[in-house]
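Asks: The following block contains the structure, expressed as structure tokens.
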Amino acid sequence: VVHFRRHNTTTISFARAKQPTTTNNNNSFTTTTQQQIYNNKKSTMAEMKEIGDVWTDAQLMGKEPVEGYKVDPDKNGKDGKIKPQYWGIPGYLTQEEVVVYNKFKAEVDRLGGDVKKTVYCFGEEEGEAWCLCRWLRARKFVYEDVVIMINEATKTCAVARTKDFYPDPKEALGCDMSLYFVQFPQLYSGHAKNGAPLFISKPGVLNVDAVECITTLEGILKFHWYIMVRDFGDRLREQKKLDPDAFKQFSCVCVLDLAGLTTSQLSSRALAIIKEQSAIDSVCFPETMNRMVIVNAPRFFTATWGIIKGWLDARTASKIDVISSRKAWEAKLLEFVDKDQLPMDYGGTGVDTKQTLAQSQPEGMIKLTTEVMKIRSYGSITHDIAAGMALEITVWTRSVAGADFTITDTSKDKSSTPPLVSKLLVKHTGSDDVNSIPTSGLITKERLVGPLSIKIKGECHAGRFTTNNFCLAFAIYPAS
């Protein structure tokens with residue numbers, strides 16, 4: 001599987017996606033009584049505001065003007081067909097596509113309720129024409145296929161909707177999101193020239209062992225709902241509010257940084273995270289990738305991309321660039337993003353991505369790093385604390401056997417100096433179920449003040465024939 005992360009609708013695999021085994025003969029999304037439809041519509045009208053961007057058929061086809069929107073007169077390519085970037089966009093629809101559009105609109109309005117909330121997943125601010133076309137593009141304006149898709153999407157988000165899409169990210173993950181971002185850096189940073197949020201993901205440094213120590217796959221998926229509906233959704237709505245005439249298409253520009261990626265990182269555990277997120281994104285948030293630039297691609301990926309690109313339709317392929325040369329990808333990014341909006345570590349003058357990620361850290365924390373200890377009988381690591389800094393160490397684990405942790409000052413004779421921390425047990429107090437939230441323990445009851453060099457030793461209770469993982473989180477604060 002080749003998957004282009006959060007805002008993709010591009011998942012390439014060698015197995016056909018499983019389709020629902022039953023459909024209604026009348027192409028309805030669900031078997032719904034008229035009373036249920038009425039109740040749903042009352043609920044929708046009570047909770048949703050009036051939807052804007054209601055276009056006429058002529059406007060959808062570009063035959064009549066729309067205030068604040070200009071159709072490109074040079075919309076067709078040399079072959080006489082509409083250019084890939086305009087296909088399925090309001091103002092560029094064909095007569096046949098408008099017929100499907102109206103049929104889809106009528107069905108969404110008829111059902112209302114959760115179906116309509118699913119379609120308008122980013123709120124009514126997206127506008128009718130832009131929202132409906134986004135869903136229709138995902139299924140190439142084939143009405144029957146989009147019916148199946150909406151039915152599946154409504155079911156997929158049903159549980160998350162009852163939880164209000166997990167408004168507390170820490171509760172969703174089971175740990176602070178800054179700790180999760182250390183293991184899998186992902187962030188929004190500025191906006192592209194078209195107003196779309198700029199999203200940067202760094203799967204090349206994904207630390208699966210650490211992720212499994214601090215959260216669960218279920219927790220990651222809950223957090224993903226929070227990110228898409230609340231974080232990404234809020235950014236889209238805010239940009240539409242700031243620039244309603246220019247920002248129409250609810251999507252983002254993505255930078256996928258593959259620096260550090262190796263074939264060994266593409267384990268079944270890593271792919272499981274991507275696969276589950278992909279399942280949500282492709283059905284519930286379709287067509288939200290405006291552009292993607294894959295940078296720092298290793299040789300094995302670049303070689304494979306030439307084959308993969310041939311499998312994609314022209315519209316999808318035109319959205320994606322794979323570039324290994326830093327000089328080349330910096331120039332490409334600046335075509336889509338103004339220099340002051342592009343992070344300085346990607347060739348712009350904007351805030352460095354590490355600084356942006358640090359903004360998610362708890363108040364007062366200067367830096368957060370982690371290291372995974374893989375312990376059979378025992379293991380140890382060292383850590384230096386700079387002058388004027390103070391350190392807290394928290395251990396995260398799923399080990400039901402647990403380990404005793406001892407911290408010593410490496411500059412002193414351990415035979416005559418008591419340890420700073422002596423044999424503090426940290427063990428998983430939950431079940432061995434994969435969805436059991438991992439256990440954490442603060443092993444520095446008082447912050448360790450620098451300058452200081454320490455050694456942390458862990459002695460596992462599981463025996464030398466079993467490896468247990470412990471993620472140590474080092475949080476740096478001002479000594480004062």
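Asks: Could you work out the pair-distance distribution P(r) of region 140-189 from its alpha-carbon pairs, with 5 angstrom bin width and percents rounded to whole numbers?
Replies: Histogramming region 140-189 at 5 Å steps yields 5, 16, 14, 15, 13, 14, 12, 9, 2 percent.
Asks: Let me ask something else about it. Can you give me the orientation-averaged projected area of the convex hull built on the Cα atoms of region 295-440, in nm²? Walk me through the numbers before you get to the answer.
Replies: Numbers: hull surface 62.0 nm².
Its average projected convex-hull area is 15.5 nm².
Asks: What full-extension length gain, to one decimal in nm, is calculated for residue 376 and residue 64 as 0.36 nm per residue of separation minus the Cα-Cα distance?
Replies: On the way: separation 312, 0.36 × 312 = 112.32 nm, distance 7.17 nm.
Between residue 376 and residue 64, full extension yields an extra 105.1 nm.
Asks: Accessible area of the chain with a 1.4 Å probe: how many percent of it is carbon plus sulfur?
Replies: Numbers: 11990 of 23420 Å².
So the carbon and sulfur contribution to the accessible surface is 51 percent.
Asks: Mind checking the dipole of region 158-228: about its Cα centre, +1 per Lys or Arg Cβ, -1 per Asp or Glu Cβ, Debye to the nearest 20? Working shown, then result.
Replies: Numbers: 6 positive and 7 negative charges, 70 e Å.
Around 340 debye, computed over region 158-228.
Asks: Tilt of helix 95-111 relative to the longest C-alpha principal axis of the chain, in degrees (0 to 90, nearest 10)?
Replies: 60
Asks: How many angstrom separate the Cα center of region 68-115 from the Cα center of region 404-424?
Replies: Taking the Cα centre of each part, region 68-115 and region 404-424 sit 69 Å apart.
Asks: Could you compute Rg(Cα) / (2.2 N^0.38 Å) for region 235-352, with N its residue count?
Replies: Values: Rg = 16.0 Å, N = 118, 2.2 N^0.38 = 13.5 Å.
Relative to the 2.2 N^0.38 Å estimate, region 235-352 comes out at 1.19.
Asks: With a Förster radius of 51 Å, plug the Cβ-Cβ distance of residue 464 and residue 311 into 1/(1 + (r/R0)^6) and report the FRET value to the nearest 0.05.
Replies: Working: r = 48 Å, r/R0 = 0.94.
Between residue 464 and residue 311 the formula returns 0.60.
Asks: Evaluate the distance, in nm, between pseudo-label points positioned 7 Å from the Cα of residue 144 and of residue 417 along their respective Cα→Cβ axes.
Replies: 7.7
Asks: Run through every distinct alpha carbon pair of region 136-288 and return the Kirkwood hydrodynamic radius in angstroms, one decimal place. Working shown, then result.
Replies: Numbers: mean 1/r = 0.0593 Å⁻¹.
About 16.9 Å, per the Kirkwood formula over Cα pairs.
Asks: Run through region 64-108 and list the GluC sites (Glu not before Pro) located in a DSSP loop whose Cβ has at most 12 other Cβ atoms within 10 Å. Walk me through the numbers before you get to the answer.
Replies: Details: sites: 67, 96, 97, 107; in loops: 67.
Passing sites in region 64-108 are 67.
Asks: If you place +1 on the Cβ of every Lys and Arg, -1 on the Cβ of every Asp and Glu, and leave all else neutral, what size is the dipole of the chain about its Cα centre, to the nearest 20 Debye? Spell out each step's value before the answer.
Replies: Numbers: 60 positive and 56 negative charges, 215 e Å.
Approximately 1040 debye in magnitude.
Asks: Still on this structure, I have one more. Work out the FRET efficiency for residue 303 and residue 231 from their Cβ-Cβ distance, taking R0 = 45 Å, and round it to the nearest 0.05. Display every interim value, and only then the final one.
Replies: Working: r = 35 Å, r/R0 = 0.78.
That gives a FRET efficiency of 0.80.
Asks: Just to confirm the number: angle between the C-alpha axis of helix 326-336 and the first principal axis of the chain, 0 to 90 degrees, nearest 10?
Replies: That works out to roughly 40 degrees.
Asks: Could you state the orientation-averaged shadow area of the convex hull built on the Cα atoms of region 276-338, in nm² to one decimal?
Replies: 5.4
Asks: Over region 297-381, what lengths in whole Å, largest first, do the semi-axes of the equivalent ellipsoid take, defined as the square roots of 5 times the eigenvalues of the alpha-carbon gyration tensor? Intermediate results must be reported in sequence, preceding the final value.
Replies: Numbers: eigenvalues 231, 118, 27 Å².
Semi-axis lengths for region 297-381 are 34, 24, 12 Å.
Asks: Roughly how big is region 373-480's charge dipole about its Cα centre, with Cβ charges of +1 (Lys, Arg) and -1 (Asp, Glu), in debye to the nearest 20? Before the final figure, lay out each step's value.
Replies: Values: 12 positive and 9 negative charges, 48 e Å.
That gives region 373-480 a dipole magnitude of about 240 debye.
Asks: Using protein chains only and a probe of 1.4 angstrom, how many square angstrom of residue 302 are accessible, to the nearest 10?
Replies: Surface open to solvent at residue 302 totals about 60 Å².
Asks: Determine by what factor the alpha-carbon radius of gyration of region 382-479 differs from 2.2 N^0.38 Å, reporting the quotient. Provide the component values of the computation, followed by the final result.
Replies: Values: Rg = 14.5 Å, N = 98, 2.2 N^0.38 = 12.6 Å.
Relative to the 2.2 N^0.38 Å estimate, region 382-479 comes out at 1.16.
Asks: Just to check, using Stokes-Einstein with a Kirkwood Rh over alpha carbon pairs, what's the diffusion coefficient of the chain at 37 °C and 0.692 mPa s in µm²/s? Mind showing how you got there, number by number?
Replies: On the way: Rh = 25.0 Å.
This corresponds to a translational diffusion coefficient of 131 µm²/s.
Asks: I need the calculated FRET efficiency for the pair residue 324 and residue 355, taking r as the beta carbon distance and R₀ as 22 Å, to the nearest 0.05. Kindly include the intermediate steps, with their values, before the conclusion.
Replies: Numbers: r = 26 Å, r/R0 = 1.17.
Calculated transfer efficiency: 0.30.
Asks: Let me ask something else about it. Rounded to a whole number of µm²/s, how large is the Stokes-Einstein D of region 68-182 at 10 °C and 1.306 mPa s, given Rh as the Kirkwood radius over C-alpha pairs?
Replies: It diffuses with D of about 96 µm²/s by this estimate.
Asks: For the chain, which longest stretch is free of loop sites, where a loop site is one of the chymotrypsin sites (Phe, Trp or Tyr not before Pro) that DSSP puts outside H, G, I, E and B and that has at most 10 other Cβ atoms within 10 Å?
Replies: 15-464
Asks: Additional query: Considering only protein heavy atoms, what per residue accessible area in square angstrom results for region 403-452 with a 1.4 angstrom probe? Please list the in-between numbers first.
Replies: Details: 3120 Å² over 50 residues.
About 62 Å² of surface per residue is accessible.
Asks: So, one more: Considering all alpha-carbon pairs of region 95-151, what whole percent are spaced by more than 16 angstrom? Numbers along the way, then the final one.
Replies: On the way: 534 of 1596 pairs.
In whole percent, the long-distance tail amounts to 33.
Asks: For a quick check of your reading of the filter: which GluC sites (Glu not before Pro) in region 270-371 sit in a DSSP loop and have no more than 12 other Cβ atoms within 10 Å? Numbers along the way, then the final one.
Replies: Values: sites: 276, 287, 330, 335, 363, 371; in loops: 287, 363.
Filter output for region 270-371: 363.
The values are calculated or read from the model by the stated rules, or taken from the named source; none is laboratory data. Computed from a predicted structure; not experimentally measured. Cβ coordinates were reconstructed from backbone atoms using ideal geometry, including for glycine residues, and neighbour counts include every protein chain displayed. The accessibility values were calculated without ligands, DNA or RNA, using every heavy atom of the protein model including side chains. Shrake-Rupley method; radii C 1.70, N 1.55, O 1.52, S 1.80 Å.
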